Amino acid sequence: MARYKNREKNLLITSSLLENGNFEEGPKVSNLKKRQIIGKYSLPKWKIHGIVEYVSSGRQPGGFYFAIPRGAQAARLGNEASISQYVKVKPGAIYSLTFAVTRTCAQDEKLRVPVPGFSTELPIQTLLSSDGGDTYAWAVKATSDVVKVTFHNPGIQEDPTCGPLLDAIAIKEMLPLRYTKGTLVKNGDFETGPHVFKNFSTGVLLLPKRTDIYSSLPGWIVESLKPVKYIDSKHFSVPQGLAAIELVGGRETAIAQIIRTVPNKFYFLSFAFGDARNGCHGSMTIEAFGARKTIKVSFTSTGIGGSKTAILKFQALSNRTRITFYSPNYHTKLHDYGHICGPVLDDVKVFPIK
């Protein structure tokens, strides 16, 4: 009965935390054995399975230190443990889940996220951000009016409590895109994207197409081995508007879009590029492709922001043309070699030459 009562309670807002998605509402003291939660419904709004710990930010027994920058509390998934929640959605609509996760032990750790009809598994032993764990976005298509969202640790470690630390979880409905006047590119300013946490952000990692069938960045394809990072103007420097893309994976990261064109007609591809004002430094390069033409633009970053604009002229070969962007180099912060970063891309436009 408790399961169905939860189903009725979970009312969806277009973009918001899941109920108790930041885990600030904790179990009763009587349902805690040290940090372990006792009872499958003891974590408010969530159903738990296996060893799930309710942890606070800061130094822990045994010498661990848990960074929980988006709040004071988090849920830690031990061996084969999971937490789940029923969420009310619109059948056929596409939703993006944003979740902050970090590993807590030295062992290889993974996080599996199954939703009815879809599943993804993230290897999280390598962190791209060193100041509070990584944030990921993953998009799914709702198959019914209520879906069960689960976060599962599939690993088995010597220490049964070892596993991913979930800091915050949110959901956002991805509304259909429309063309913007003056450009053939959809969402070229990257204003439509996943939920971004307001109080703290290391950017949101967008998964490659082989993992994310429905993109959390509508209109775009992450066609690479590594994710790209969605950054917002509140926490980073972006060339224009509210959001941009940081190419953090070097030549293993590429982002593309297929646009409608007229064969043999000439077009201009323009875009802004710069740095995110996040301490990323060095000589940065973005390479852009349109049909058979390419342009390589470089700039020297001192990690304090700033942007430039580039233009590529190309001739369409068919009624569909792929435009692609990638960074051929790898970068880290000047004073933190564990924090991977890269050049910023924004304001992408394609228009015909009259």
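The values are calculated or read from the model by the stated rules, or taken from the named source; none is laboratory data. Because the structure is a prediction, the values reported are computed rather than measured. Positions of Cβ are generated from backbone atoms using ideal geometry, with glycine treated the same way; all protein chains shown enter the neighbour counts. For the accessible areas, the whole protein counts, side chains as well, though only heavy atoms, and no ligand, DNA or RNA atoms are used. Shrake-Rupley method; radii C 1.70, N 1.55, O 1.52, S 1.80 Å.
Computed quantities for the displayed model
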item: Residue match in the stretch 164-182 (condition: on the phi > 0 side of the Ramachandran plot, open to solvent by less than 40 Å² (accessible area, probe 1.4 Å) and in contact with a strand residue (DSSP E or B) (Cβ under 7 Å, 6 or more places away or on another chain)); result: no
item: Identity of the residue in the stretch 245-289, without any contact (Cβ under 8 Å) to a residue 60 or more places away in the chain and part of a loop (DSSP other than H, G, I, E, B), that ends up most open to solvent (accessible area, probe 1.4 Å); result: Arg277
item: Output for the stretch 290-302, where each listed residue is farther than 21 Å from Ala243 by Cα and open to solvent by less than 10 Å² (accessible area, probe 1.4 Å); result: Gly290
item: Given (1) open to solvent by 50 Å² or more (accessible area, probe 1.4 Å); (2) of a type outside the set (Ser, Thr, Tyr); (3) under 15 Å from the mean Cα position of the chain (by Cα); (4) within 23 Å of Val350 (Cα to Cα), number of the condition Lys186 does not satisfy; result: (3)
item: The lone exception for Pro194 - which of (1) assigned by the TED database to the domain that holds Leu345; (2) at pLDDT 95 or above; (3) assigned to a loop (DSSP other than H, G, I, E, B); (4) open to solvent by less than 30 Å² (accessible area, probe 1.4 Å) it fails; result: (1)
item: Strands (runs of 3 or more DSSP E) contained in the stretch 44-93 and holding at least 3 residues under 29 Å from Leu175 (Cβ atoms); result: 82-88
item: Those residues of the stretch 128-154 which are assigned to a loop (DSSP other than H, G, I, E, B) and open to solvent by less than 20 Å² (accessible area, probe 1.4 Å), in sequence order; result: Ser129, Gly132, Gly133, Ala142, Asn153
item: Residue list for the stretch 227-244, filter: assigned to a loop (DSSP other than H, G, I, E, B), in contact with a Leu (Cβ under 9 Å, 6 or more places away or on another chain) and surrounded by 20 or more Cβ atoms within 10 Å (Cβ to Cβ); result: Pro227, Pro239
